[in-house]
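Shown next, in structure tokens, is the structure this report addresses.
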Amino acid sequence: MPPSVEQPVLTTLRSGALAGGAHVAAFEGRLREYLGNPLVLSTADLPASITMSLYLAGVRPGDEVVCSPMVCLATSMPINTLFATTRWCDVDPETGNMDAAALERCITPKTKAVLVFHWGGTPAALTAIRRVAQSHGVPVVDDASEALGASVDGARLGNTGADFTTFSFYPNKPLNTGSDGGAIAFASPEAFERAQWMRRFGIHQPSFRTSDGEIDPASDVSDVGWSSALSNVNAAIGVEQLGTLDDVLERARENADFYDRAIAEVDGIAPCTPVAGADRAPWVHTVRVERRDDLMRKLKARGVQCSRVHLRNDLYSCFRAERVELPGVDAFSAACLSVPCGWWVSREDREYVSDVIASGW
């Protein structure tokens, strides 16, 4: 937390304007400017963002959503909460991201949305994925929860033309809003308008109350809604965090680039190279490792936190999904290992991590 967070939060807590207020509007305005998209709304968290996006895309019980199993459960679980069926798509084994050629084979007449994830802040082949989805008339929900600040062909995620782009401001993200938070960037003004009210039970706020403050019976609630608005307290934190975001991301990129150079000549390990035209915003630094578990044990024994990060979601029985052969997922899942690269990783830290790796495992 930057020190500048403290006074706005304290003032907000004392103001009584906790649920909504001026900070929410300010945070959304800053996000719109940062992403280059005027159609951005804040939400309570990532699952709320994805749930609303899938619903607005037309997903209903029994429909299919194509998704890679190499995602966070916060990404995939909203498919279940809408009582839809997950159709697992294979990934590029070099990045862990959805493979556009595999997507073509996954789309069926029941497909209502494609849910794309950017592993660790490395953008997926979004242009190719959108091309496949558009050829079938299927909307794309682009989950940039680990990739705020990443870009494809010069456009930041959230301004690439994807139908919906979702973000997470959970405490472990480069930009956090305290306890939790999220956002959706839209391509459609109509979807943006509907979502404004959906995030608060479908209530149309301008007409909901009469001049004396009573609920107006003439104000209809015509659309489904959730309790998923960002609080004024969380938004106050987000406004201040946005002021440090560029520096935080630049330091993460520097650390990730250092790791790539340091391991370039080490046998048995390879980076996850972004696709052409993509600029990553590393949340973690993921590499592909032969005998991954041996290196993971060595790093942890030497005091270096490392992780597989996400377990392949097709192992979980809660998903109503057909088990299919996914060779790319098999390869990436067996080899992926992530080390920290965030702003707190010093030059000494990253040199130590690289030396441990270079000494073999």
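Can you confirm whether region 288-303 contains a residue that is outside any loop (DSSP other than H, G, I, E, B) and under 30 Å from Ala155 (Cα atoms)? Before you say what the answer is, go through the steps one by one.
Filtering region 288-303 for residues outside any loop (DSSP other than H, G, I, E, B) gives 288-289, 292-301.
Those still in the list that are under 30 Å from Ala155 (Cα atoms) too: 288.
Scanning region 288-303 turns up at least one residue that is outside any loop (DSSP other than H, G, I, E, B) and under 30 Å from Ala155 (Cα atoms).
Please determine, by comparing only the residues of region 122-142 that are assigned to a helix (DSSP H, G or I) and among the small types (Gly, Ala, Ser), which one is nearest to Val65 (Cα to Cα). Among those that are assigned to a helix (DSSP H, G or I) and among the small types (Gly, Ala, Ser), it is Ala133.
With respect to the conditions (1) part of a loop (DSSP other than H, G, I, E, B); (2) of a type in the set (Asp, Glu); (3) at pLDDT 95 or above; (4) within 30 Å of Lys110 (Cβ to Cβ), Asp223 lacks only one, and its number is (3).
For region 117-140, indicate whether the set of residues that are within 17 Å of Asn37 (Cα to Cα) and in contact (Cβ under 8 Å) with a residue 24 or more places away in the chain is non-empty. Scanning region 117-140, I find at least one residue that is within 17 Å of Asn37 (Cα to Cα) and in contact (Cβ under 8 Å) with a residue 24 or more places away in the chain, so the answer is yes.
Residue-by-condition table, conditions (1) exposed (fewer than 15 other Cβ atoms within 10 Å of the Cβ); (2) within 30 Å of Gln134 (Cβ to Cβ):
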site: Tyr170; (1), (2): no, no
site: Gly178; (1), (2): no, no
site: Phe186; (1), (2): no, yes
site: Phe192; (1), (2): no, yes
site: Gly202; (1), (2): no, yes
site: Pro206; (1), (2): yes, no
site: Thr210; (1), (2): yes, no
site: Val221; (1), (2): yes, no
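Screening the candidates Gly16, Gly36 for the property of being open to solvent by 40 Å² or more (accessible area, probe 1.4 Å) and under 17 Å from Arg156 (Cβ atoms) yields one hit, Gly36. Against the criterion of being touching a strand residue (DSSP E or B) at 6+ places or on another chain (Cβ under 8 Å) and either under 24 Å from Asp355 (Cα atoms) or open to solvent by 60 Å² or more (accessible area, probe 1.4 Å) (or both), Arg292 qualifies. Can Ser219 be described as without any contact (Cβ under 8 Å) to a residue 12 or more places away in the chain and small (Gly, Ala, Ser)? Against the criterion (without any contact (Cβ under 8 Å) to a residue 12 or more places away in the chain and small (Gly, Ala, Ser)), Ser219 does not qualify.
Tally the residues that are within 19 Å of Ala331 (Cα to Cα), open to solvent by less than 10 Å² (accessible area, probe 1.4 Å) and either among the β-branched types (Val, Ile, Thr) or assigned to a loop (DSSP other than H, G, I, E, B) (or both), restricting the search to region 96-115. Adding up the residues that qualify gives 2. A count restricted to region 166-209 and to residues that are polar (S, T, N, Q), outside any helix (DSSP H, G or I) and in contact (Cβ under 8 Å) with a residue 40 or more places away in the chain stands at 6.
Per-residue answers, yes or no, for (1) over 28 Å from Val289 (Cβ atoms); (2) within 17 Å of the chain's Cα centre (by Cα):
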{"site": "Ala74", "(1), (2)": "no, yes"}
{"site": "Asn80", "(1), (2)": "yes, no"}
{"site": "Cys89", "(1), (2)": "no, no"}
{"site": "Ala102", "(1), (2)": "no, no"}
{"site": "Arg105", "(1), (2)": "yes, no"}
{"site": "Lys110", "(1), (2)": "yes, no"}
{"site": "Ala113", "(1), (2)": "yes, yes"}
{"site": "Val141", "(1), (2)": "yes, yes"}
{"site": "Leu148", "(1), (2)": "no, yes"}
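If the condition is being part of a loop (DSSP other than H, G, I, E, B) and either surrounded by fewer than 15 Cβ atoms within 10 Å (Cβ to Cβ) or not β-branched (Val, Ile, Thr) (or both), then region 304-316 contributes Gln305, Cys306, Arg308, His310, Leu311, Arg312, Tyr316.
The values are calculated or read from the model by the stated rules, or taken from the named source; none is laboratory data. Just so we're clear, the structure is a prediction, and the values are computed from it rather than from any experiment. Neighbour counts run over all protein chains shown; Cβ positions are idealised from the backbone, glycine included. To get the accessible areas, we keep the full protein, side chains included, count just its heavy atoms, and leave off ligands, DNA and RNA. Shrake-Rupley method; radii C 1.70, N 1.55, O 1.52, S 1.80 Å.
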